[in-house]
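S.K.: Next up is a structure, given as structure tokens.
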Amino acid sequence: MVNRRRLLGTAAIAPFCGALPVAAQAWPDRPLRMIIPFPPGGPVDAGGRIIAQALGDVLGQPVVIETRTGAGGSVGVEAAAKATPDGHTLVFATTGSLAVNLTLVPNLGYDTRRDLIPISVTLGVPLLLVCRPGLAAPDLATFISMARAKPGGLTMATSGVGGPPHLLAEMMRQRANLDFTVVHYRGAAPAMVAMLAGEVDASILDPAVLMPHIKAGKMRALATTGRERNPALPGTPSLVEGGLAGIEFENWYALMVSSGTPPERVRRLREALTRALAKPGLFDLFLTQGGRVMDLGPQEGAAFIRREVDTWGEVVRAARMKAE
């Protein structure tokens, strides 16, 4: 009789049991993945791994890195934009793939403004102009003179067509009467390897990947692209200080999720990232080299990205740049 009563009681509440986990279950209940659209070893990969670890600690689920390179970061960003909009797929990308490529790449498979939601426009980082030690350019003024004296004579490595280094090289051509033979690589890490091998004369890359080699004497820092000098290189002027007026640039990084993701999951990711970013020393790799935490949330970040799409669209059109 007792067993029969228990069975009847269980049967009576069974219809409600299935609904309980839906309301009470914490999210996420399984690992997330973060797509990095550039090769390992570069600044996007470094920043993404920092965020993945910190975010996973807060969420209580691992955030697994998935590297998907190609087309200036567009391959990875498109994969995230077309992922199931359940909040389990993130992408950590930068100015080029999230803003520039919308004008640069014909028939792009996504529109950042329509297909992705920013959890945070996280970091802003000025770049560095560097040259190989054997180049007879001890400072920025000499480098500028060499570029003007022999147009196309200096080679400039970039992290890919339409990426920040390429855009800056085009701006220097347009606004400062400088000319280089631009050599494109598939990301910052391959461009850095080419610099170390002496295959190219100069490059404009993120401080995070350059600083160890500058300190080791394997590259020479000529200028920062920011408004202020890099605190790690106080003796290195900005491009503006060197006489290149109007040429300033700050590469920004953003963590995005596909549009259509439920608002409560966007909020959960945003809250978790805010807690993660509050961890002391989280971004020291970038902050000690001239970067700054921006942390623009979904609404502010979306407005910021729309402005960046417009700004860099004008640069791309003026330079008649085309994706390869």
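S.K.: Say R0 is 51 Å: what FRET efficiency, to the nearest 0.05, do Gln53 and Lys322 get from their beta-carbon distance?
M.R.: My answer for the efficiency is 0.85.
S.K.: Please work out how much length the chain gains when fully extended from Ala197 to Thr288, using 0.36 nm per residue of separation minus the C-alpha to C-alpha distance, in nm with one decimal.
M.R.: Between Ala197 and Thr288, full extension yields 30.1 nm more.
S.K.: If you don't mind, another one. Give me the compactness ratio for region 128-224, meaning the Cα radius of gyration over 2.2 N^0.38 Å.
M.R.: 0.96
S.K.: If you work out Cα extents along the principal axes in Å from the coordinates, which of (i) 67, 43, 35; (ii) 58, 47, 37; (iii) 100, 40, 31 do you get?
M.R.: Given (i) 67, 43, 35; (ii) 58, 47, 37; (iii) 100, 40, 31, the calculated one carries the label (iii).
S.K.: For n ≥ 4 DSSP H runs only, could you compute -39500 (n - 2.57) per run for the chain, divide by its residues and tell me the 222 nm figure to the nearest 500?
M.R.: That comes out to -12500 deg cm²/dmol.
S.K.: Which of the peptides 115-123, 197-205 is most tightly packed, and how do the rest follow, judged by the mean count of other Cβ atoms within 10 Å per residue?
M.R.: Per-residue mean Cβ counts within 10 Å order the peptides as 115-123, 197-205.
S.K.: Turning to a different aspect of this structure: Report the antiparallel proportion of the DSSP beta bridges in the chain as a percent, rounded to a multiple of 5.
M.R.: Within the chain, antiparallel bridges account for around 60 percent of the total.
S.K.: For a 30 Å ceiling on Cα separation, which of these pairs sit above it: Lys218/Lys279; Lys215/Lys279; Lys150/Lys218; Lys279/Lys322?
M.R.: With Cα atoms farther than 30 Å apart: Lys218/Lys279; Lys279/Lys322.
S.K.: Based on other C-beta atoms within 10 Å, arrange Tyr185, Tyr253 from fewest to most.
M.R.: Tyr185, Tyr253
FYI, it's all coordinate maths here, none of it is from the lab. Computed from a predicted structure; not experimentally measured. Positions of Cβ are generated from backbone atoms using ideal geometry, with glycine treated the same way; all protein chains shown enter the neighbour counts.
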